[in-house]
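Everything below concerns the one structure shown next.
The values are calculated or read from the model by the stated rules, or taken from the named source; none is laboratory data. Only a predicted model underlies this, so the values are computations on that prediction, with no experimental measurement involved. A quick note on method: Cβ atoms are made from the backbone with ideal geometry, for glycine too, and the neighbour counts reach across all protein chains shown.
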């Protein structure tokens, strides 16, 4: 989808949704929760907000799911609206684990000198302080006995376990453009307690956390790349990826 069509979608939003989508600047993200299976049919819910609390519903055009089996083959999926989000469902093909990704449209947000934020290309405004193209990705894995090693998105989070276990540790490998991303902070958020924990990736792009509470956990990476810019369009690219797992 080209930039003009993306901006047509964003600028066509109602005021409340526009303001909500703009909060990606300050820390909002997409995530996939409630992953479940029923007689070979799998589903999960895509939400938008912060720390697993929804804040409005992302536009339908933001929802472009990709589901892959263990061999990297695509599996068709269906999207339906639910309260504050979307349910994505698919039929399994027997080759688990399945990995679900949802990537948002890349939207440029500009910090205007008067302190406000506006969506659009940098050249469309005369008084821009800074601008960035924001890319969100939400990931979930439907696993049996093996973790998913699938790599699909620019900023990738790969777990060393198929699921979490209370009282045990879990390790992650973080890749950016297929290479280990070192020295970057990952956030772990436990929905059951509302607590946040932080870890920093080592030279191999690896980081680990101890799971001290049952329930859903969201692991989040946010990375700024100042080398990815387009003159007169945006100054840098910001990528936000989440992976939700359950213990």
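Residues that are closer than 25 Å to residue 192 by Cα and either surrounded by 15 or more Cβ atoms within 10 Å (Cβ to Cβ) or touching a strand residue (DSSP E or B) at 6+ places or on another chain (Cβ under 6 Å) (or both): does the stretch 1-17 have at least one?
The answer is no, given that none of the residues of the stretch 1-17 is closer than 25 Å to residue 192 by Cα and either surrounded by 15 or more Cβ atoms within 10 Å (Cβ to Cβ) or touching a strand residue (DSSP E or B) at 6+ places or on another chain (Cβ under 6 Å) (or both).
Given 92, 72, 120, which one is under 27 Å from residue 61 (Cα atoms) and either at pLDDT below 90 or crowded, with 18+ Cβ neighbours inside 10 Å (or both)?
120
For the stretch 132-156, enumerate the residues that are more than 30 Å from residue 231 (Cα to Cα), touching a strand residue (DSSP E or B) at 6+ places or on another chain (Cβ under 7 Å) and in contact (Cβ under 8 Å) with a residue 12 or more places away in the chain.
139, 140, 141, 142, 147, 148, 150
Residues being over 22 Å from residue 244 (Cβ atoms) and either outside any loop (DSSP other than H, G, I, E, B) or touching a strand residue (DSSP E or B) at 6+ places or on another chain (Cβ under 8 Å) (or both): count how many of those fall in the stretch 91-105.
Count: 1.
Which ones in the stretch 198-229 are surrounded by fewer than 16 Cβ atoms within 10 Å (Cβ to Cβ), free of Cβ contacts under 8 Å to residues at least 24 places away in the same chain and over 17 Å from residue 177 (Cβ atoms)?
198, 200, 202
Is the stretch 20-29 home to any residue that is in a strand (DSSP E or B), under 30 Å from residue 194 (Cβ atoms) and in contact with a strand residue (DSSP E or B) (Cβ under 9 Å, 6 or more places away or on another chain)?
Yes - at least one qualifying residue is present in the stretch 20-29.
What's the number of the condition residue 114 fails, among (1) farther than 18 Å from residue 68 by Cα; (2) modelled with pLDDT under 95; (3) surrounded by 15 or more Cβ atoms within 10 Å (Cβ to Cβ)?
Here residue 114 meets the rest and fails (3).
Yes or no: residue 47 surrounded by 20 or more Cβ atoms within 10 Å (Cβ to Cβ) and either within 18 Å of the chain's Cα centre (by Cα) or at pLDDT below 95 (or both)?
yes
I'm told residue 182 meets every condition in (1) assigned to a loop (DSSP other than H, G, I, E, B); (2) more than 20 Å from residue 137 (Cα to Cα) except one. Can you identify the failing condition by its number?
Of (1) assigned to a loop (DSSP other than H, G, I, E, B); (2) more than 20 Å from residue 137 (Cα to Cα), only one is false for residue 182: (2).
When you check residue 173 against the structure, is it within 20 Å of residue 50 (Cα to Cα), in a strand (DSSP E or B) and in contact with a strand residue (DSSP E or B) (Cβ under 6 Å, 6 or more places away or on another chain), yes or no?
When the stated conditions are applied, residue 173 does not pass them.
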